[in-house]
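Encoded as structure tokens, the structure appears first; notes follow it.
The values are calculated or read from the model by the stated rules, or taken from the named source; none is laboratory data. All values reported here derive from a predicted model rather than from experimental measurement. Cβ placement follows ideal geometry from the backbone for every residue including glycine, while neighbour counts extend to all protein chains displayed.
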Amino acid sequence: MAALTRVQDKVKELFGRDSLDWLSVSYVIDWLVASAFFFLGNLVSHLAPFEREFSPDDPTISHKHHSNQISGTTNGSIALYIPLIITTAVCAMQRSAIGIHHSALALWAGRSLAKFTVECLKNRVGRLRPDFLARCKWDAAAETCTGKAASIMDGRRSFPSGHSSTAFAGMTFLALWLAGQTTAWCFTAPVSGREIAASRLGRLLLTLAPLAWATWVAVSRLEDYRHHKEDVIVGAFIGTLCSGICYFIYWPSPFSADSFTPERVGQPRATYAPRDYHERSNGGFELTRLQDDTEHV
């Protein structure tokens, strides 16, 4: 408890005395739920998938086995740490403790929800990868696969694409967050200044860059013959949807001009803040309880 108090005192020293007024035990529950989704997804990924019947003459699963252009570890690290580093650095410069917390929580929640959804679908659908027969090493005489069991099992987990889902979960969050900081996707919000940073197209390009990376990851899965096109499309959709849902829980819409008023621009939602928490310099701006004018009559 003493250590926690020291941490809180240090945060208040760095970000301001009211920088932790938004804290609520509900955020602890959110972290636990998000983490549960992630670890359950890991658990499901180690279960045996549905064994779909196949024909050794099926051309859609007869491609050669290729190495990954982008490994799962590299893809997962980029999708998690790049958005986390960027958002943490910017929110630290803004002296926004709630911004750092909400960025990390929304990113982790979206990633975890997408992982759980994808792993459950992979195991229940059991679709064969385009290189399944290369993994299977079909023995016509014995009418059975003779390849490595782990490789064969992974070959039955094509739908949907985990790489695509992971990349789009991380990069959709970053794109939404950047749009929320720059008004790039809200064309009715005014942009002040005449410097290069005020360029509308420049800001739009900045927000689309993360999505371009995610798209490249998805396309590489087709080039490597690890997934069918439907796998990649659905995986990207799941990652985008899960990330978008979790972003909007903790951050205001980057499409609304109301999110870019001077006191609100770049600030997250105070999702569980006390009802009298309103427009603090280092926090959110919502959930304010205004007294009825009649109480003062």
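List of remarks:
- Residue tally, condition surrounded by fewer than 19 Cβ atoms within 10 Å (Cβ to Cβ), touching a Leu at 6+ places or on another chain (Cβ under 8 Å) and modelled with pLDDT of 95 or more, over segment 85-103: 1
- Filter result for A212 (of a type in the set (A, V, I, L, M, F, W, C) and exposed (fewer than 15 other Cβ atoms within 10 Å of the Cβ)): yes
- Verdict on R269 being among the basic types (K, R), modelled with pLDDT of 95 or more, outside any helix (DSSP H, G or I) and more than 16 Å from the chain's Cα centre (by Cα): no
- Residue in segment 229-252 that is surrounded by fewer than 20 Cβ atoms within 10 Å (Cβ to Cβ) and among the hydroxyl-bearing types (S, T, Y) present: no
- Pairs are defined by a Cβ separation below 9 Å, a sequence spacing of at least 6 or placement on different chains, a first member in segment 1-29 that is closer than 12 Å to R95 by Cβ, and a second member that is at pLDDT 75 or above and of a type in the set (S, T, N, Q); the pairs so defined are F15/S96; S19/S96.
Condition check ((1) under 16 Å from the mean Cα position of the chain (by Cα); (2) without any contact (Cβ under 8 Å) to a residue 60 or more places away in the chain) across all residues:
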{"position": "P49", "(1), (2)": "no, no"}
{"position": "D57", "(1), (2)": "no, yes"}
{"position": "I61", "(1), (2)": "no, no"}
{"position": "T74", "(1), (2)": "yes, yes"}
{"position": "I85", "(1), (2)": "yes, yes"}
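- Selection status of I82, assigned to a helix (DSSP H, G or I) and at pLDDT below 95: no
- Condition met for T215 (within 30 Å of E263 (Cβ to Cβ) and either within 16 Å of the chain's Cα centre (by Cα) or modelled with pLDDT under 95 (or both)): no
- Checked against (1) assigned to a helix (DSSP H, G or I); (2) within 19 Å of K64 (Cα to Cα); (3) not small (G, A, S), H227 meets all criteria but (1).
- Among (1) surrounded by 13 or more Cβ atoms within 10 Å (Cβ to Cβ); (2) more than 24 Å from the chain's Cα centre (by Cα), the one test that D224 misses: (2)
- Subset tally (residues that are surrounded by fewer than 16 Cβ atoms within 10 Å (Cβ to Cβ), at pLDDT below 75 and out of contact with any Lys or Arg (no Cβ under 8 Å at 6 or more places or on another chain)) for segment 12-24: 2
- The residues on offer are A79, A48, A34, and the sole one that is under 26 Å from H163 (Cβ atoms) and in contact with a Leu (Cβ under 8 Å, 6 or more places away or on another chain) is A34.
- Looking across segment 134-152, the residues that are of a type in the set (A, V, I, L, M) and over 33 Å from the mean Cα position of the chain (by Cα) come down to A140, A141, A142.
- Some residue of segment 164-180 being in contact with a helix residue (DSSP H, G or I) (Cβ under 7 Å, 6 or more places away or on another chain) and within 17 Å of R127 (Cα to Cα): yes
- Filter result for E143 (at pLDDT 95 or above and acidic (D, E)): no
- Of all residues in segment 102-146, those that are among the basic types (K, R) and touching a His at 6+ places or on another chain (Cβ under 9 Å) total 3.
- T240 being in a loop (DSSP other than H, G, I, E, B) and touching a residue at least 40 places away in the same chain (Cβ under 8 Å): no
- For segment 210-267, filtering for residues that are within 17 Å of G76 (Cα to Cα) and of a type in the set (V, I, T) leaves 6.
- The one condition from (1) under 28 Å from the mean Cα position of the chain (by Cα); (2) over 23 Å from S35 (Cβ atoms) that S192 does not meet is (1).
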